[in-house]
Amino acid sequence: MEPMQKPRKMEWYRRKIGMLQAFSNVSNKIWVFVDEDHGVDVMINMEQQMTMKLTNLDTQISFIVTFVYARCDAIERIELWDSMYYLARDMTLPWLVAGDFNVIWDEEEKFGGLPISMNEVNDFRHCVNTCNLSDLGFKGSIFTWWNGRAEDDCIFKRLDRCLANIEFQQMLPTIEVEHLSKIGSDHSPMLLTCSSDAIPIKKTFRFLKFLTKHPSFKDVVKENWEVDFSGDPFILFNHKLKKLKKALSIWSRATYGDIFQKIASLEEVVLVHEAEFERNPSYQNRERLQKVQAELIKYLALEEEFWKQKAGMTWFQDGDRNTKFFHAQLNGRRKRLQLKRIQDTAGNWLEDSA
């Protein structure tokens with residue numbers, strides 16, 4: 001957008017939404033519009049990111065938002081990762097990090113083009129995990145960027161995403177991210193929505209049996225079961241459990257993520273590769289298809305293990321995967337545990353819910 005167009009754009013927003021505060025980063029590539037109900041404190045203003053502390057003037061609830069516009073060059077992105085390390089070091093408030101990171105998380109987030117650089121991917125993963133951030137997931141297409149070309153020159157990637165720490169997810173537990181259509185841009189806009197009347201639910205830690213099958217599981221347990229102090233055995237045992245629970249939660253999110261979101265993403269990627277293989281049945285396209293199919297099968301097996309454990313089943317007859325069966329088992333057990341009537345001291349059964 002040319003400089004002379006920006007004031008007109010701001011005026012359009014003011015007329016459309018109301019009085020807004022406008023902020024831009026040093027390169028003028030990140031523009032943020034904040035309504036008058038929030039106090040704003042710009043904490044960091046750099047070329048690749050702008051971090052703001054937003055405070056609701058009515059509730060006085062504060063949270064941090066980092067808007068990202070990463071450089072294409074992996075070396076130049078190190079400055080961005082370093083700035084996020086700096087923020088995460090003393091981060092205690094809810095923190096949302098969103099924007100164009102210009103790097104993918106794994107091979108499933110890319111279609112076409114040259115092989116990915118694992119060094120770039122590992123740098124990004126290390127930053128996200130070290131900052132205790134996790135992907136908020138999404139609805140819509142897995143790919144947020146398209147190079148605008150077709151056939152063999154076509155490339156799709158997921159370059160845009162929303163990350164958040166535990167505190168932010170607990171503050172807004174119903175938040176959802178939707179990838180909108182690419183209209184007038186090569187990127188998909190991201191729409192974040194949250195139900196205001198939803199009751200916040202703090203999820204309890206649930207140990208999943210399939211975690212034990214991962215090669216690094218025992219190392220995580222061993223590392224976090226050790227303590228550097230002595231005392232009452234019961235206090236030590238309780239401390240070890242709390243320490244291990246937190247470590248396994250972070251490790252599980254980094255290793256597996258949301259298996260249901262992963263399955264939804266992989267199913268879409270498989271469809272893309274199937275269509276490409278049907279159009280051009282080359283050895284390379286077949287290898288790509290088989291690779292994503294194998295990854296999908298792996299996560300489907302994890303989903304099956306999840307539902308088997310949640311349904312509390314001690315046996316399972318071999319056959320086709322059927323999560324509806326596990327849902328039925330789980331719902332049936334919940335119905336059996338419901339109290340539909342109660343007997344008073346006189347022996348009368350009371351069924352009126354009032």
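The values are calculated or read from the model by the stated rules, or taken from the named source; none is laboratory data. Since this is a predicted model, take the numbers as computed values, not measurements. Cβ atoms come from the backbone with ideal geometry, glycine included; neighbour counts cover every protein chain shown. Heavy atoms of the whole protein, side chains included, go into the accessibility calculation; ligands, DNA and RNA do not. Shrake-Rupley method; radii C 1.70, N 1.55, O 1.52, S 1.80 Å.
Some points to look at:
- Close Cβ contacts (under 7 Å, 6 or more residues apart or on different chains) running from residues in segment 22-33 that are in a loop (DSSP other than H, G, I, E, B) to residues that are open to solvent by less than 70 Å² (accessible area, probe 1.4 Å) comprise Asn25/Asn45; Asn25/Met46; Asn25/Met50; Val26/Asn45; Val26/Met46; Ile30/Ser24; Ile30/Met50; Ile30/Phe67.
- Against the test of being in a loop (DSSP other than H, G, I, E, B), over 24 Å from Trp31 (Cα atoms) and either more than 14 Å from the chain's Cα centre (by Cα) or not hydrophobic (A, V, I, L, M, F, W, C) (or both), the options Leu114, Leu93 yield a single qualifying residue, Leu114.
- Long-range neighbours under 7 Å by Cβ, at least six apart or interchain, first residue on the phi > 0 side of the Ramachandran plot within segment 128-151, second among the small types (Gly, Ala, Ser) and surrounded by fewer than 21 Cβ atoms within 10 Å (Cβ to Cβ): Asn132/Ala88
- Of the helices (runs of 4 or more DSSP H) that lie entirely inside segment 209-291, those containing 3 or more residues that are of a type in the set (Gly, Ala, Ser) span 233-255, 259-279.
- Test: residue in segment 87-96 that is open to solvent by 20 Å² or more (accessible area, probe 1.4 Å), farther than 30 Å from Leu296 by Cα and among the polar types (S, T, N, Q): yes
- Test result for Thr55, open to solvent by 20 Å² or more (accessible area, probe 1.4 Å), assigned to a strand (DSSP E or B) and out of contact with any helix residue (DSSP H, G or I) (no Cβ under 7 Å at 6 or more places or on another chain): yes
- Identity of the residue in segment 58-86, within 30 Å of Ile116 (Cβ to Cβ), open to solvent by 40 Å² or more (accessible area, probe 1.4 Å) and aliphatic (A, V, I, L, M), that ends up farthest from the chain's Cα centre (by Cα): Ile75
- Tally of residues being surrounded by 14 or more Cβ atoms within 10 Å (Cβ to Cβ), at pLDDT below 90 and either within 23 Å of Ile30 (Cβ to Cβ) or touching a Ser or Thr at 6+ places or on another chain (Cβ under 9 Å) (or both) across segment 144-155: 1
- Looking only at segment 265-299, residues that are under 14 Å from Ile142 (Cα atoms) and open to solvent by 50 Å² or more (accessible area, probe 1.4 Å) come to 3 in all.
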